[in-house]
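Q: Supplied in structure tokens, the structure appears directly below.
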Amino acid sequence: MIFSNIKFFIYEAIIGLNRSRLMFLTSIATIAVSLTVFGFFILVSLNLHSISNYMSSKFEILVTVQENLPQQDIKRLRAKLSRMPLVHSATFVDKDKAWAEFKKKYTHLELANLIDVNPLPHSITLQVVELNEVKGLVASLKKETPTIDDIIYSGDLSEKLIVFAKYSQIIGLCLVGFLLLATLLIIINTIRLTVLARIEEVTIMQLVGATNGLIRGPFLFEGMIIGLIGALTANLILYFGYQYITQVFFEFAPYFPIVSDKAIVFTVLLIVGASGPLIGLLGSNISISRSLKL
Amino acid sequence: MIKIKNLEKVHKNGFKALKKVNLHVGKNEFIYLVGPSGAGKTTLLNMIFKFDTPTSGEIFIDNCPLSSIHDRQIPHLRRNIGVVFQDFKLLPKRTVYENIAFALKVMHYSRANIRRKVSQVLDLVGLTQKESYFPNQLSGGEKQRICIARAIVNDPPILLADEPTGSLDPDTSWEIMHLLSKINARNTTVIVATHNKGLVDDLRKRVVTLESGKIIRDQQIGFYQ
């Protein structure tokens, strides 16, 4: 009986959708747009999180040492730096090793063909105890250690980016919530219109002895179908759109920590894909309960 | 079969549609419910298939009080009562076959059974050739036959017809009444609300007259007076 009910629901839902094709297509388009923006914000939020993580983990002060400084002096300098109260750790980075890693990381730039000699100096990377103390630490390094050639750090920009990422995530979450609500309202309205357009049919169903479940079923399926097709459309836009964006970033800003992990992207697509039919089901359920008092 | 006791209906605006109505309808009986417009005929029929609820009083069907039927059981009650309307209430975008099959679908009949039952009932109402037609391709009489076919396709023991000839010409009205008599002869209790004097007087059945919500006459072989 359950199987025959489902068959009945799907058949009736398709008939219903086919009858109000224009409304059906308009709803799908609206839901597809909402879910695309919804998915887009999830991806933006994930990327901001990734930037924030990247910034935190990479928040280092790179201290390059003067050229031709003997190994003994470099060791002494590293020991001195690691003893400083604001420094969490100090790691020596050999210039040949650094150059090899650099070339390996950015293979597509084909640096080996362009530059013959290693342009990098020996360096010591410092991880700091507290981000807010970076400026003071840099000032004292400049004063106290003449063997340092240069101090490289992202300073204010990193701090601002971290704050920006934090607030963007909050705003992103609010927007996602708002969009989901908007999508729900669209479905409620669409199903309400189809219910009102078929009120006579519903009355006839009641008169011939259809149960409330049987009357509700086709409308619930209609909501789910609208939500599902809207979500699939949104997923296609998101998948190809995001693929294009990551491609552009890889080409023009390879250092940017854009989220490109396929598993993460597919999880987002799965969330969007599942949201469509779920919102469709919920929206049509609310709509039928209000319109038909079933 | 149907017992009505002290049935009253007062609408929200205070209008009394039915006043202390008492009626007993036996099994396989054919009854004409007559009276002027606004007498309460439709209200009474609506209450029998629980499309409306009484203000007080009770209706029993096979000794079961309708007030004890839970909302969820109403569809099952309606599957035992076929209803025919003056305005046919056919689904305009479905064929004759689909309109009749629809009633069986909601009762979970198998496809083979639906095919068999729809063919039988179309044969009974004499519209076998028109099963693929849409309602707008049919005459008023044909539409009413389809409406009757849909109402009886699952062999309900009771058939209620509310002004079934209200929008039909005299000849077609006769055909419809003969069809209803034929259905009554197949052991179906039939109640027909009408103000078609000619038909009531010619067919000589039991006639219950309603006026201003009250039964003022109940004759076994009656006339429209």
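The values are calculated or read from the model by the stated rules, or taken from the named source; none is laboratory data. Keep in mind that what you see is a predicted model, and the values were worked out from it rather than measured. Ideal geometry is used to build each Cβ from the backbone, glycine not excepted, and the neighbour counts take in all protein chains shown.
Q: Which residues, taken from segment B:129-145, are part of a helix (DSSP H, G or I), over 13 Å from the mean Cα position of the chain (by Cα) and of a type outside the set (D, E, K, R)?
A: Those that are part of a helix (DSSP H, G or I), over 13 Å from the mean Cα position of the chain (by Cα) and of a type outside the set (D, E, K, R): B:Gln129, B:Pro135, B:Asn136, B:Gln137, B:Gly140, B:Gly141.
Q: Of the conditions (1) closer than 15 Å to A:Phe8 by Cβ; (2) buried (at least 20 other Cβ atoms within 10 Å of the Cβ); (3) within 14 Å of chain B (Cβ to nearest Cβ); (4) touching a residue at least 12 places away in the same chain (Cβ under 8 Å), A:Asn212 fails just one. Which one is it?
A: Status for A:Asn212: all satisfied but (2).
Q: If the requirement is being away from every other protein chain (no Cβ under 14 Å) and in contact with an Asp or Glu (Cβ under 9 Å, 6 or more places away or on another chain), which of these qualifies: A:Phe221, A:Phe250? Can you show your working first?
A: On the way: A:Phe250 fails: in contact with an Asp or Glu (Cβ under 9 Å, 6 or more places away or on another chain).
None of the others qualify; the one that does is A:Phe221.
Q: Look through segment B:75-100, keep the residues that are hydrophobic (A, V, I, L, M, F, W, C) and farther than 20 Å from A:Leu214 by Cα, and return whichever of them is farthest from the other protein chains (Cβ to nearest Cβ).
A: Taking segment B:75-100 as the starting set, the residues that turn out to be hydrophobic (A, V, I, L, M, F, W, C) are B:77, B:81, B:83-85, B:88, B:90-91, B:96, B:100.
Then drop every residue that is not farther than 20 Å from A:Leu214 by Cα, which leaves B:84-85, B:88, B:96.
On the way: B:Val84: 10, B:Phe85: 8, B:Phe88: 10, B:Val96: 14 Å.
Going through the qualifying residues, I end up with B:Val96.
Q: When the residues of segment A:232-265 are narrowed to those that are aromatic (Phe, Trp, Tyr) and in a loop (DSSP other than H, G, I, E, B), which ends up surrounded by the most Cβ atoms within 10 Å (Cβ to Cβ)?
A: Ranking the candidates gives A:Phe256 first.
Q: Would you please list the contacts, defined by Cβ atoms under 9 Å and residues six or more apart or on different chains, that run from a residue in segment A:162-187 that is under 19 Å from A:Ala231 (Cβ atoms) to a residue that is at pLDDT 75 or above and aromatic (Phe, Trp, Tyr)?
A: Here the result reads A:Leu175/A:Phe38; A:Leu175/A:Phe41; A:Val176/A:Phe38; A:Val176/A:Phe41; A:Leu179/A:Phe38; A:Leu179/A:Phe41; A:Leu180/A:Phe38; A:Thr183/A:Phe38, each pair linking segment A:162-187 to a residue that is at pLDDT 75 or above and aromatic (Phe, Trp, Tyr).
Q: Let me ask something additional. Report, ordered by the first and then the second residue, all pairs with beta carbons closer than 6 Å, sequence separation of six or more or different chains, a first member in segment A:196-209 that is more than 7 Å from chain B (Cβ to nearest Cβ), and a second member that is assigned to a loop (DSSP other than H, G, I, E, B) and not charged (D, E, K, R).
A: No pair meets every condition.
Q: Which residues, taken from segment A:192-209, are surrounded by fewer than 20 Cβ atoms within 10 Å (Cβ to Cβ) and over 19 Å from B:Pro92 (Cβ atoms)?
A: Across segment A:192-209, the qualifying residue is only A:Arg192.
Q: Next question, about the same structure. Quick one: which residue in B:His108, B:His70 is surrounded by fewer than 16 Cβ atoms within 10 Å (Cβ to Cβ) and more than 10 Å from chain A (Cβ to nearest Cβ)?
A: Working: B:His108 fails: more than 10 Å from chain A (Cβ to nearest Cβ).
Unique residue meeting the criteria: B:His70.
Q: Now, a different point. If you scan segment B:24-61, which residues turn out to be in contact (Cβ under 8 Å) with a residue 60 or more places away in the chain, in contact with a Leu (Cβ under 8 Å, 6 or more places away or on another chain) and either under 17 Å from B:Pro157 (Cβ atoms) or of a type in the set (A, V, I, L, M) (or both)?
A: B:Phe30, B:Leu33, B:Val34, B:Ala39, B:Leu44, B:Leu45, B:Ile48, B:Phe49, B:Ile61, listed by residue number.
Q: Check segment A:26-33 and report whether any residue there is more than 14 Å from chain B (Cβ to nearest Cβ) and at pLDDT below 80. Talk me through it step by step, then tell me what you get.
A: So the first thing to find is which residues in segment A:26-33 are more than 14 Å from chain B (Cβ to nearest Cβ), and the list is A:26-33.
With at pLDDT below 80 added as a condition, the list becomes none.
There is no residue in segment A:26-33 that is more than 14 Å from chain B (Cβ to nearest Cβ) and at pLDDT below 80.
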